[in-house]
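Chemist: Below are the C-alpha cells for one structure; questions will follow.
The values are calculated or read from the model by the stated rules, or taken from the named source; none is laboratory data. The model shown is predicted, which means the values in this text are computed figures rather than measured ones. Methodologically, a virtual Cβ is constructed for each residue, glycine included, from the backbone with ideal geometry; neighbour enumeration extends over all protein chains shown.
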Amino acid sequence: MGIQMSIPFAVLENGAVSVESDPSVQVAQRVNAIVSTEQGGRAMRSNMGLPLSQLLFQTGSTIIAAELATMVDKQLSLFEPGVKAVSVTPNMSEINGGVASIAVNYQPILQGSLARSVADIVTIQVGGTVTEVTPNGTS
C-alpha cells in the first residue's frame with residue numbers, strides 16, 4: 001500500500017508532513033475519517049460522511065441504529081471500497097447528553113489484503129466534534 005498522510009493531517013516539528021506506512025492503520029484512519037465526518041463538512045466531497053447531528057435528536061433508537069448501519073455501509077462502499085462493514089452498532093445510551101458512538105467492525109474485501117479486521121469506536125458530540133477514538137475497542 002505504500003505510505004499515506006496521517007489522518008488527521010499533521011505537520012511534524014521538523015516541518016515534514018506526518019505519514020503512516022502501516023496498511024492496517026491507514027485503513028483504520030480512512031474509515032474513522034468517513035464515520036466521523038458530518039455530511040457536507042468537506043467542500044470537495046460534500047456527500048462524504050454521516051448526518052449525525054440530524055440523527056442525534058430523532059426518536060426511536062432502533063430506527064436510528066438501522067439507518068446508521070445502512071449509511072455506514074453506503075459510505076464505505078463509496079469511499080473505501082476495499083473494506084466491508086461486518087457490523088455497525090450505534091451506542092445510544094448517552095444520547096440525551098448529546099453523545100452517541102458507533103462501533104464499526106470491518107474487514108478487507110480482498111483476501112490478500114494486509115489490513116486486519118478491526119472494531120473501532122468513535123464518540124461524536126452534538127455538532128460533530130470527535131471526542132474519543134478507540135482503536136480495536138480498547139481504551
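Chemist: Can you give me the number of residues within region 26-53 that are free of Cβ contacts under 8 Å to residues at least 12 places away in the same chain and closer than 14 Å to Phe79 by Cβ?
Modeler: 3
Chemist: Has region 96-113 got at least one residue that is closer than 24 Å to Ser21 by Cβ, out of contact with any Lys or Arg (no Cβ under 7 Å at 6 or more places or on another chain), surrounded by 12 or more Cβ atoms within 10 Å (Cβ to Cβ) and modelled with pLDDT under 75?
Modeler: So far as region 96-113 goes, yes, one or more of its residues are closer than 24 Å to Ser21 by Cβ, out of contact with any Lys or Arg (no Cβ under 7 Å at 6 or more places or on another chain), surrounded by 12 or more Cβ atoms within 10 Å (Cβ to Cβ) and modelled with pLDDT under 75.
Chemist: If you don't mind, there's one more thing I want to ask. When the residues of region 8-56 are filtered to those that are aliphatic (A, V, I, L, M), surrounded by fewer than 17 Cβ atoms within 10 Å (Cβ to Cβ) and in a loop (DSSP other than H, G, I, E, B), which remaining residue is nearest to the chain's Cα centre (by Cα)?
Modeler: My answer is Ala10.
Chemist: Test Ala85 against the criterion of being surrounded by 14 or more Cβ atoms within 10 Å (Cβ to Cβ), modelled with pLDDT under 70 and part of a strand (DSSP E or B), and give yes or no.
Modeler: no
Chemist: A follow-up question, please. Given the conditions (1) over 15 Å from the mean Cα position of the chain (by Cα); (2) at pLDDT below 80, which single one is not true for Glu67?
Modeler: Every condition holds for Glu67 apart from (2).
Chemist: Output the residues belonging to region 1-25 that are without any contact (Cβ under 8 Å) to a residue 60 or more places away in the chain and not aliphatic (A, V, I, L, M).
Modeler: Gly2, Gln4, Ser6, Pro8, Phe9, Glu13, Asn14, Gly15, Ser18, Glu20, Ser21, Asp22
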